[in-house]
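Enquirer: First, the structure itself, so that you have it in front of you.
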Amino acid sequence: MASVMLQGTGSDVGKSILAAGLCRIFTQMGLKVRPFKAQNMSNNACPTTDGGEIGRAQALQALACGAAPHTDMNPILLKPQSDRVSQMIVQGKVCKDLEAKDFLTGRARLLELALESFRRLRRESDLVIAEGGGSPAEINLRSGDIVNMGFARPAQMPVILVGDINRGGVIASLVGTKAVLDPEDAERIQGFIVNQFRGELSLFDEGNRAIARMTGWQALGVVPWIEAARQLPQEDAIPDKLRERGEIKIAVPVLPHIANFDDFDALEAEETVQLQYVYPGRPLPGDAALIILPGSKTTISDLAFFKAQGWDIDLMAHIRRGGYVLGICGGYQMLGKTISDPMGVEGAPGTVDGLGLLAVHTTLSGEKRVTDVEGVSLTGEIPFQGYEIHMGRTELEEGAHPLLRRSDGTLDGAVSADGRIAGCYIHRLFDGARQRAHWMGLLGAVSDGMDQGERIQMGLDHLAAALRECLDIEAILKIAQKGF
C-alpha cells in the first residue's frame with residue numbers, strides 16, 4: 001500500500017503528464033496502480049463508473065493504469081463559472097457554487113472526505129500516484145491547503161518536487177521552494193525532478209548537483225522535451241498557434257469558460273486538418289470549412305461574450321459562404337432559438353435569445369446529466385461513443401431534425417434541413433474513426449482512420465518508454481514504498 005505525491009514549483013510544470021507516465025510504468029511492472037488528486041480546478045471533466053465526474057487529468061491517469069475512472073481519484077473538483085465563483089463537485093456530485101471569498105470555509109470537512117477517498121484507493125491498490133495542485137510554496141494558502149502539504153501530511157505521503165526548466169529559473173524555483181516551506185513540510189520532500197529540458201541532458205549535471213547540495217533532496221532525473229506528451233489530452237493548456245499543415249481549416253472560438261476542449265484533439269491530430277483556436281479580439285477566419293462552438297461552463301454569459309466579439313456576425317458570413325457549423329454541449333445550446341434559466345443556475349433567472357440557427361429551445365436546471373453514451377448518427381447509421389456532462393435540457397420544435405440516436409433509443413441533437421448546421425450534447429464525438437471520417441468527408445477531407453483511444457494508448461506507451469530512460473524509477477518506487 002505504497003503512495004507518493006508529485007508536487008510542483010508552480011502550476012503547469014508537467015505534474016499531470018509525469019504522473020500519467022509513472023502510472024503507466026508501474027502498471028507495466030505488474031503493480032495495481034491508482035491515481036489521485038485531492039482537489040482539482042478545471043472545466044475539462046470526464047464521467048466516472050460510479051455516476052460522477054472527475055478532472056480530465058485523473059481520467060487520463062486512470063487510463064494509464066488500465067483502470068476505470070472513479071470519483072475517489074479526484075474527490076473535490078472546482079469548475080470555474082466566473083473569476084470569483086466555481087461550481088464545487090464533491091465525490092462526483094454537485095455540492096454548491098463556491099465564491100472565492102469563501103474558499104477556505106469548510107476545508108476541514110473537505111479534507112476529511114478527500115482522505116476517505118484516498119484511503120479507499122490505497123486499500124485496493126499496490127501504489128497510489130498522487131498529484132498536488134499549484135505549488136506548496138504558496139504559503140499564504142497553507143492554513144487551508146488540502147491538496148499539497150496539507151494533504152500529504154495527514155495522508156503520511158512522501159513528496160517528489162517537480163520543476164520546469166523550460167520556464168527558466170528552475171534552480172531558484174526548487175531551492176526557493178524549500179527556503180519558504182515550513183521545515184516539517186520541507187522534510188517531507190524526498191527527491192526532485194527537472195522537467196522539459198531541451199538539448200543535451202548532461203549539460204544540467206552540475207545543476208542537479210547544486211540543487212541536491214542546497215536542498216538535501218535526491219536528484220531523480222532530468223526529463224527531456226517529450227513530443228508524445230504534447231499529443232495526450234491536456235487539462236488546461238489550449239494551443240495558441242495555428243498548426244501550419246493540412247488543407248482543411250476548422251476554427252474553434254475560445255470562450256471565457258470553454259469546457260472539454262479535448263473534444264477536438266482527434267481533429268488536431270489529422271494531417272489534413274488545420275485546427276485553429278480563435279482568441280478574443282480576432283475574427284473567425286473567413287476560410288474555415290467548419291466552425292465549432294465548444295462546450296461552456298456558463299452558456300448564457302459565454303453567448304453574450306460571443307456576440308460582443310462580433311463572432312455572431314462572422315458566423316453568419318461563414319454560413320452564407322456555405323460553411324459548416326457544429327455546436328457541442330453549451331455550443332449546441334447557443335445555436336438554438338432560446339436559452340431559459342428559470343432557477344438561476346447560471347445567474348439571474350431569465351430567458352435570452354440564442355443564435356437562432358437551430359429550431360431548439362434549452363432550459364437550464366439544477367439536475368446534472370453525467371453519463372457515458374453511445375449510438376449512431378441518424379444519417380448513415382454511423383456509430384459514435386462519448387459522454388454527456390450538462391445541466392440543461394433541449395427540446396426540438398415540431399418538424400426539427402434530430403442528429404443522433406443513443407443506444408437506448410432516445411434522440412440527441414439537431415441538424416438543419418440542408419445538413420450544414422448541427423449540434424449535440426456528445427463530448428468526444430470525433431474520437432471514433434468512423435464518426436470523424438464522416439465529418440471530414442463532409443468537408444472534402446480524408447481521415448487517417450485511427451481511433452483516438454488507440455492514439456492515446458500509444459502516446460502513454462511512448463511517454464512511459466521515454467521516462468524510463470531518464471528517471472530513476474527504482475528510486476521513485478523505493479520512496480513510495482518507504483512512506484513517511
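Enquirer: Tell me, please, whether a residue that is open to solvent by less than 40 Å² (accessible area, probe 1.4 Å), within 16 Å of the chain's Cα centre (by Cα) and of a type in the set (G, A, S) can be found in region 262-276.
Expert: yes
Enquirer: Those residues that are surrounded by 17 or more Cβ atoms within 10 Å (Cβ to Cβ) and not small (G, A, S), I need them from region 320-332; list them, please.
Expert: Residues of region 320-332 surrounded by 17 or more Cβ atoms within 10 Å (Cβ to Cβ): 323-332.
Listed by number, the residues that qualify are Y324, V325, L326, I328, C329, Y332.
Enquirer: What pairs can you find where one residue is in region 339-355 and in contact (Cβ under 8 Å) with a residue 60 or more places away in the chain and in a loop (DSSP other than H, G, I, E, B), the other is aliphatic (A, V, I, L, M) and open to solvent by less than 50 Å² (accessible area, probe 1.4 Å), and their Cβ atoms are less than 8 Å apart, with a gap of 6+ or different chains?
Expert: E346/I300; E346/L364
Enquirer: If I ask for residues that are under 25 Å from R56 (Cα atoms) and touching a Gly at 6+ places or on another chain (Cβ under 6 Å), which ones from region 382-403 would you list?
Expert: Residues satisfying the conditions are F384, Q385.
Enquirer: Next question, about the same structure. List the pairs whose first member sits in region 44-69 and is farther than 23 Å from C95 by Cα, whose second member is in a loop (DSSP other than H, G, I, E, B) and at pLDDT 95 or above, and whose Cβ atoms are under 6 Å apart, counting only residues at least 6 apart or on separate chains?
Expert: Pairs that qualify, where the first residue is farther than 23 Å from C95 by Cα and the partner is in a loop (DSSP other than H, G, I, E, B) and at pLDDT 95 or above, are A62/P69.
Enquirer: To continue, here is another question. I need the full set of residues from region 446-482 which are out of contact with any strand residue (DSSP E or B) (no Cβ under 7 Å at 6 or more places or on another chain) and assigned to a loop (DSSP other than H, G, I, E, B), in order please.
Expert: If the condition is that a residue be out of contact with any strand residue (DSSP E or B) (no Cβ under 7 Å at 6 or more places or on another chain) and assigned to a loop (DSSP other than H, G, I, E, B), then V446, S447, D448, G449, M450, D451 are the ones that fit.
Enquirer: Determine whether N40 is in contact with a Lys or Arg (Cβ under 7 Å, 6 or more places away or on another chain), modelled with pLDDT of 90 or more, closer than 21 Å to H390 by Cβ and surrounded by 23 or more Cβ atoms within 10 Å (Cβ to Cβ). Show your work before the answer.
Expert: Values: in contact with a Lys or Arg (Cβ under 7 Å, 6 or more places away or on another chain): no; modelled with pLDDT of 90 or more: yes; closer than 21 Å to H390 by Cβ: yes; surrounded by 23 or more Cβ atoms within 10 Å (Cβ to Cβ): yes.
Taking the combined requirement at face value, the residue does not satisfy it.
Enquirer: List the strands (runs of 3 or more DSSP E) inside region 238-326, counting only whole elements, that have at least 3 residues being β-branched (V, I, T).
Expert: Details: elements: 248-253, 273-278, 290-293.
The strands (runs of 3 or more DSSP E) meeting that bar are 248-253.
Enquirer: Filtering region 169-198 down to residues that are β-branched (V, I, T) and farther than 16 Å from L18 by Cβ, which residue is surrounded by the fewest Cβ atoms within 10 Å (Cβ to Cβ)?
Expert: V180
Enquirer: Continuing with this model, one more query. Select from region 49-64 the residues that are part of a helix (DSSP H, G or I) and either touching a strand residue (DSSP E or B) at 6+ places or on another chain (Cβ under 7 Å) or open to solvent by less than 20 Å² (accessible area, probe 1.4 Å) (or both) and list them in ascending order.
Expert: R56, A57, Q58, A59, L60, Q61, A62, A64
Enquirer: Among (1) open to solvent by 10 Å² or more (accessible area, probe 1.4 Å); (2) at pLDDT below 95; (3) touching a Pro at 6+ places or on another chain (Cβ under 9 Å), which single condition is G14 missing?
Expert: (3)
Enquirer: While we're here: What are the pairs, 6+ residues apart or on separate chains, where a residue within region 81-97 that is touching a residue at least 12 places away in the same chain (Cβ under 8 Å) has its Cβ under 6 Å from a residue that is hydrophobic (A, V, I, L, M, F, W, C) and open to solvent by 50 Å² or more (accessible area, probe 1.4 Å)?
Expert: From region 81-97, the pairs are R84/A100; M88/C95.
Enquirer: Could I ask something else about it? Could you tell me how many of the residues in region 403-435 are open to solvent by less than 30 Å² (accessible area, probe 1.4 Å), acidic (D, E) and assigned to a loop (DSSP other than H, G, I, E, B)?
Expert: 1
Enquirer: Within region 440-451, is there a residue that is open to solvent by less than 60 Å² (accessible area, probe 1.4 Å), hydroxyl-bearing (S, T, Y) and more than 30 Å from Q7 (Cα to Cα)?
Expert: yes
The values are calculated or read from the model by the stated rules, or taken from the named source; none is laboratory data. As the structure is a prediction and not an experimental result, all values here were calculated from the model. All Cβ positions, even for glycine, are placed from backbone atoms using ideal geometry, and neighbour counts span all protein chains on display. With ligands, DNA and RNA removed, areas are computed over all heavy atoms of the protein, side chains included. Shrake-Rupley method; radii C 1.70, N 1.55, O 1.52, S 1.80 Å.
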